[in-house]
Amino acid sequence: MLKLSSLFTIAKSQTIVHATPDFVAAVGDGWLERIMGESITDRLFQKQGRSIARWTVPPLSMYLKRHYVLPRRHGILARLFPRTAWSPGLQEWQHLEWVRGQGLPVPRALAAAEWRGPGSSLQSFLAVEELEGMLPLHEAVPLAHSSLSADDYQLWKRRLVAELARLAVELHRRRAYHKDLYLCHFYIDTTHCRVVPETFQDNTVVIDFHRLGRHRLLARYFQIKDLAQLLYSSLEVTGIAERDRLRFWTLYSQGFAVPDWVRRAVKWKYRLYLRHSRRKAARRLTR
């Protein structure tokens with residue numbers, strides 16, 4: 001049985017399952033046999049053998065990530081090395097539990113499962129509690145920009161940037177790298193877009209840890225990637241200026257000393273993201 005930190009764990013034949021008691025109570029008996037086939041259309045997104053949708057089962061509201069088709073080699077490896085999580089659902093459960101254990105703010109994982117077999121097939125799902133009343137930063141920042149006075153907004157941004165730098169430092173100090181560190185993966189309470197909170201600490205949540213990795217040999221590479229993604233994602237957000245990016249770098253560098261070549265590498269990587277994005281946009285226009 002795969003040993004993960006959870007409130008409720010079942011290991012049955014080739015199925016690994018984790019679930020919180022309130023999830024089990026809400027979804028009812030037999031949920032494990034039917035969850036991959038549940039018809040859920042609210043905010044549905046489907047792509048390449050996987051889907052994400054919002055599922056409301058009173059009193060819970062959650063996002064359900066289901067992976068129907070996974071690489072056969074992962075199915076084979078799951079049989080050969082059963083103590084390792086090989087599917088995105090089970091891996092992200094592990095990652096969320098680890099990050100939460102470090103004292104960092106993440107959504108509550110409600111349930112996850114990995115099905116191994118028949119043969120080399122592999123499937124999984126993850127249920128994560130919805131962040132009700134919260135907005136991603138690429139939406140929250142423009143809202144604050146239009147809601148606050150000029151002076152209040154500058155103070156609001158300084159406090160927000162301080163928290164973003166703190167969270168990045170806390171991850172990277174542990175040699176943990178998000179690998180999808182875009183502004184859209186940081187959430188704050190909607191009410192904090194219309195007032196200036198004393199601090200954003202404990203009021204900012206980070207999501208989507210399915211790619212989280214902890215590295216020593218490749219630590220610099222993934223550090224540069226995380227920082228370049230954050231820089232790139234801030235470019236077209238109304239209300240963010242160059243001085244905000246400079247303030248982030250100053251605070252980040254104070255918490256996690258980095259050589260000058262890392263700064264240059266971050267800028268180079270960010271330009272690659274920008275060039276790639278522009279090429280994609282140009283191709284769309286010519287179709």
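The values are calculated or read from the model by the stated rules, or taken from the named source; none is laboratory data. Values in this document were obtained by computation on a predicted structure and should not be read as measured data. Neighbour counts are summed over all protein chains in view; Cβ atoms, including those assigned to glycine, are modelled from backbone coordinates with ideal geometry.
For this structure, a couple of remarks:
- Every listed requirement among (1) at pLDDT below 95; (2) touching a strand residue (DSSP E or B) at 6+ places or on another chain (Cβ under 8 Å); (3) hydroxyl-bearing (Ser, Thr, Tyr) is met by residue 20 save one, (1).
- All strands (runs of 3 or more DSSP E) inside the range 83-176 with 2 or more residues being over 30 Å from residue 15 (Cβ atoms): 134-136
- Residue within the range 241-260 that is of a type in the set (Val, Ile, Thr) and touching a helix residue (DSSP H, G or I) at 6+ places or on another chain (Cβ under 6 Å) present: no
- Counting the residues of the range 183-238 that are acidic (Asp, Glu) and in a loop (DSSP other than H, G, I, E, B) gives 4.
- Hey, residue 106 touching a strand residue (DSSP E or B) at 6+ places or on another chain (Cβ under 8 Å), modelled with pLDDT of 95 or more and not assigned by TED's automatic domain parsing to the domain that holds residue 204 or not: yes
- Pairs, first acidic (Asp, Glu) in the range 198-209, second in a loop (DSSP other than H, G, I, E, B), C-beta under 7 Å, six or more apart: 202/105; 208/180
- Residue among 124, 120 that alone is surrounded by 21 or more Cβ atoms within 10 Å (Cβ to Cβ), farther than 21 Å from residue 200 by Cβ and not assigned by TED's automatic domain parsing to the domain that holds residue 190: 124
- Test: residue 199 is among the polar types (S, T, N, Q) and within 21 Å of residue 61 (Cβ to Cβ): no
- Given (1) touching a strand residue (DSSP E or B) at 6+ places or on another chain (Cβ under 6 Å); (2) assigned by TED's automatic domain parsing to the domain that holds residue 236, number of the condition residue 173 does not satisfy: (1)
- Residue count, the range 205-234 (criterion: surrounded by 14 or more Cβ atoms within 10 Å (Cβ to Cβ) and either hydrophobic (A, V, I, L, M, F, W, C) or in contact with a Leu (Cβ under 7 Å, 6 or more places away or on another chain) (or both)): 17
- Selection count, the range 53-72, where residues are assigned to a strand (DSSP E or B) and not basic (Lys, Arg): 10
- Among residues of the range 149-192 being basic (Lys, Arg) and within 25 Å of residue 214 (Cβ to Cβ), the one that is surrounded by the most Cβ atoms within 10 Å (Cβ to Cβ) is 166.
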